[in-house]
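The values are calculated or read from the model by the stated rules, or taken from the named source; none is laboratory data. What you see is a predicted model; the values in this text were computed from it and never measured. A quick note on method: Cβ atoms are made from the backbone with ideal geometry, for glycine too, and the neighbour counts reach across all protein chains shown. Note: areas computed on protein heavy atoms with side chains; ligands, DNA, RNA excluded. Shrake-Rupley method; radii C 1.70, N 1.55, O 1.52, S 1.80 Å.
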2 protein chains.
Amino acid sequence: MNQNKDIEKKIIKTASKTILNHNMISSNDSILIGVSGGPDSVGLLLFLLKKKYEYLITLGIAHINHSLRGKESDKDARFVKTLAAKHNLPFFLKKKNVGDFAKKNHMSIEDAARKIRYSFYKKICEKKKYSKIALGHNKDDNAELVLMNLLRGSGAKGLSGIPPKRNSWIIRPFIEITKQNILEYLKFQNQKYVIDTSNTNKKFLRNRIRNHIFPILKNKYNPAIIESLTRTAQIIREENQWMEKQTEICFNQALKKKKHNEVQLYRKFFINLKTALKRRLARKAIKEIKGNLKCITLFHIDSIIKLASSITSGKSLDFPDQIRVIKTKKELYFKKEFRSLRNIGKIKI
Amino acid sequence: MNQNKDIEKKIIKTASKTILNHNMISSNDSILIGVSGGPDSVGLLLFLLKKKYEYLITLGIAHINHSLRGKESDKDARFVKTLAAKHNLPFFLKKKNVGDFAKKNHMSIEDAARKIRYSFYKKICEKKKYSKIALGHNKDDNAELVLMNLLRGSGAKGLSGIPPKRNSWIIRPFIEITKQNILEYLKFQNQKYVIDTSNTNKKFLRNRIRNHIFPILKNKYNPAIIESLTRTAQIIREENQWMEKQTEICFNQALKKKKHNEVQLYRKFFINLKTALKRRLARKAIKEIKGNLKCITLFHIDSIIKLASSITSGKSLDFPDQIRVIKTKKELYFKKEFRSLRNIGKIKI
């Protein structure tokens, strides 16, 4: 029994520290909790309920029914609705067919679900005056993401894992609590939760990492593997933020002109930068005109760096999504064309 | 037969590109090759022999007999000596009992072997006027190191893997060539090599990563796992170099005073830095007085950051190897004491 009580203390201590360290909650915050009905978000709800008078916060619950599992999805939504009613909290539900939305917008199920989720959260926050949205991601999620990103050759951003706080209004108070501890906490509280049985590709990969690779690493290489990956993420995340800030400053110095579909950088300024900065500037320039960095590889970025320093001018390189990079004597142009690059011909400044 | 010829082309193309990209070799370089007798270093020797007239370089061979495997070690040394004689190259041998050296200096076998190796290379380079030392590390070694470092929660430096070039005189032309390709190359050349059967702790871990984890990751998660880890290392390495440069600049701005056993930083300057820079400055300050960062954890570093911003002054923290960090109103002191911290008492500035 005492041991059970300890788990509550542990959860409260760890989450409170996370909240303090990342300045997640201010008094009078009105916090919308994204509750799927799974253990993490239900645990987070219990924790915030317990602390609401101490933090002087008000709470609400948002749930998205992704309609991915038919009746089961509806049942989960009812579970969360009942939970909200039990604790007398406002409940906001959105039902959307993610499969259809993904197909229509040529997105993966995961990307579509994320887009729907965050735009719903944002809408409710604005409409109902919530100042924060709290999400249930835990320490295992974070470690798994770091490893998954390493396995696909990610850079600093991917190795930073899940940010404890994003854009000052998305907070994850459980990011330093292990899944195991959350389950113990729920057991101690005698609190039920639902189990998400959906198995998208990405989830499939994540589940394999969780149930196959992690146990091997834990048993044979490093029993504290989750701690280790968390530590790497903590280091790299701060360094990435710092580099992003420096990149921003440097980008503005290098920038000659910017239109919605074109970025012009001073070429001589660019070629005198360190490789790391050149890479980040080239990525930023592409992101500005393309909107994202999908299908842009390190090889592409390094070829732009080579182009910038090449002797002959008037040279250009073509990239996915009609992105063309052109080197002139004084500039490095990043252009988004609206016709096929083949139809435009080799160079057009 | 044609396929065999292809492997030589591939090796030459890849290594030549690595040499060019990292500016590894200049004409008239005199290059000492560290040859253990294993496939990597023997392959590297063959490659450099093939290219010596094109690069206009002269070559020599250095071999260290670590005396870790008795007669077998002596046999390896004879093998390399014969190889040098066959190609009419100067041969430099050092025989040293690494086990004894490690014990005497309280080092691990690996650290001791590395120390002996590099100091021997350096000595021969200076004495015999070699301008570079070439080592046989390959792409698999690099990927394995990145994963090993991630599994122990390393930061950017660990995730950078093996540098292709270090201090401008240590070069690794095979760092982008896989082990598999090196073995094929040797087979094509009908060249023998020796197999190192030593199995130190670190090698043991590395062998498990190589023979156990990598095959799982390759078969079940990412067939191009070595490429992916190499990519991460390439990105992070450049960013780490950039951050090191920035840290250097910032450290000098923050520095009030430096003695051999003491570093004083301006506290107000320090506390206004970004977390990533604070961490790097604190690590650098400790390294300056302690000589290394062994036993210094992220937790230690973050506690120094907290100390620096705490309200009461005159507070201090003690760390391994008699390192004491003291906060005063205007300074942050990093001191290496030469007596036990317990005997000195709580604070002494």
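Of the residues in the stretch B:56-75, how many are at pLDDT 95 or above and open to solvent by 20 Å² or more (accessible area, probe 1.4 Å)?
2
Go through the stretch B:131-141 residue by residue and tally those that are open to solvent by 30 Å² or more (accessible area, probe 1.4 Å) and either over 27 Å from B:Phe204 (Cα atoms) or among the aromatic types (Phe, Trp, Tyr) (or both).
Total satisfying the criteria: 1.
Determine if the stretch B:170-178 includes at least one residue that is in a helix (DSSP H, G or I) and either under 30 Å from A:Arg152 (Cα atoms) or open to solvent by 10 Å² or more (accessible area, probe 1.4 Å) (or both).
no
Look at the stretch B:119-130 and say how many of its residues are open to solvent by less than 50 Å² (accessible area, probe 1.4 Å) and out of contact with any Gly (no Cβ under 8 Å at 6 or more places or on another chain).
Residues in the stretch B:119-130 being open to solvent by less than 50 Å² (accessible area, probe 1.4 Å) and out of contact with any Gly (no Cβ under 8 Å at 6 or more places or on another chain): 2 in total.
Can you find even one residue in the stretch B:304-317 that is at pLDDT 90 or above, assigned to a strand (DSSP E or B) and surrounded by fewer than 17 Cβ atoms within 10 Å (Cβ to Cβ)?
Yes.
Out of (1) modelled with pLDDT of 95 or more; (2) assigned to a loop (DSSP other than H, G, I, E, B), the odd one out for B:Arg78 is which?
Unmet for B:Arg78, out of (1) modelled with pLDDT of 95 or more; (2) assigned to a loop (DSSP other than H, G, I, E, B): (2).
Quick one: A:Tyr118 ticks every box in (1) within 14 Å of chain B (Cβ to nearest Cβ); (2) farther than 30 Å from B:Leu147 by Cβ except a single one, so which number is it?
Tallying (1) within 14 Å of chain B (Cβ to nearest Cβ); (2) farther than 30 Å from B:Leu147 by Cβ, A:Tyr118 fails exactly one: (1).
Could you please give the count of residues in the stretch B:318-335 that are at negative phi and not in a strand (DSSP E or B)?
Selection size over the stretch B:318-335: 4.
Counting only residues that are farther than 22 Å from B:Gln234 by Cβ and open to solvent by 50 Å² or more (accessible area, probe 1.4 Å), how many does the stretch A:245-291 have?
Of the residues in that region, 15 qualify.
So which residues in the stretch A:295-314 are farther than 28 Å from B:Ala233 by Cβ and free of Cβ contacts under 8 Å to residues at least 24 places away in the same chain?
Scanning the stretch A:295-314 gives A:Ile311, A:Thr312, A:Ser313.
Name the residue, out of A:Lys192, A:Lys187, that is part of a loop (DSSP other than H, G, I, E, B) and open to solvent by 30 Å² or more (accessible area, probe 1.4 Å).
None of the others qualify; the one that does is A:Lys192.
Looking for something open to solvent by 70 Å² or more (accessible area, probe 1.4 Å), among the hydroxyl-bearing types (Ser, Thr, Tyr) and either under 15 Å from B:Asn65 (Cα atoms) or without any contact (Cβ under 8 Å) to a residue 24 or more places away in the chain (or both) - is there at least one such residue anywhere in the stretch B:97-118?
no
Taking the stated definitions as given, is A:Lys127 more than 10 Å from chain B (Cβ to nearest Cβ) and either aliphatic (A, V, I, L, M) or closer than 19 Å to A:Gly37 by Cα (or both)?
no
Restricting attention to the stretch B:1-38, report how many residues are in a helix (DSSP H, G or I) and either surrounded by fewer than 23 Cβ atoms within 10 Å (Cβ to Cβ) or among the polar types (S, T, N, Q) (or both).
18
For residues that are of a type outside the set (A, V, I, L, M, F, W, C) and without any contact (Cβ under 8 Å) to a residue 12 or more places away in the chain, scanning just the stretch A:229-240, find the one that is farthest from B:Phe204 (Cα to Cα).
Out of the qualifying residues, it is A:Glu238.
Does A:Leu217 satisfy the condition of being open to solvent by less than 10 Å² (accessible area, probe 1.4 Å), in the same structural domain as A:Lys10 (by TED's automatic domain parsing) and farther than 27 Å from A:Lys122 by Cα?
The answer is no for A:Leu217.
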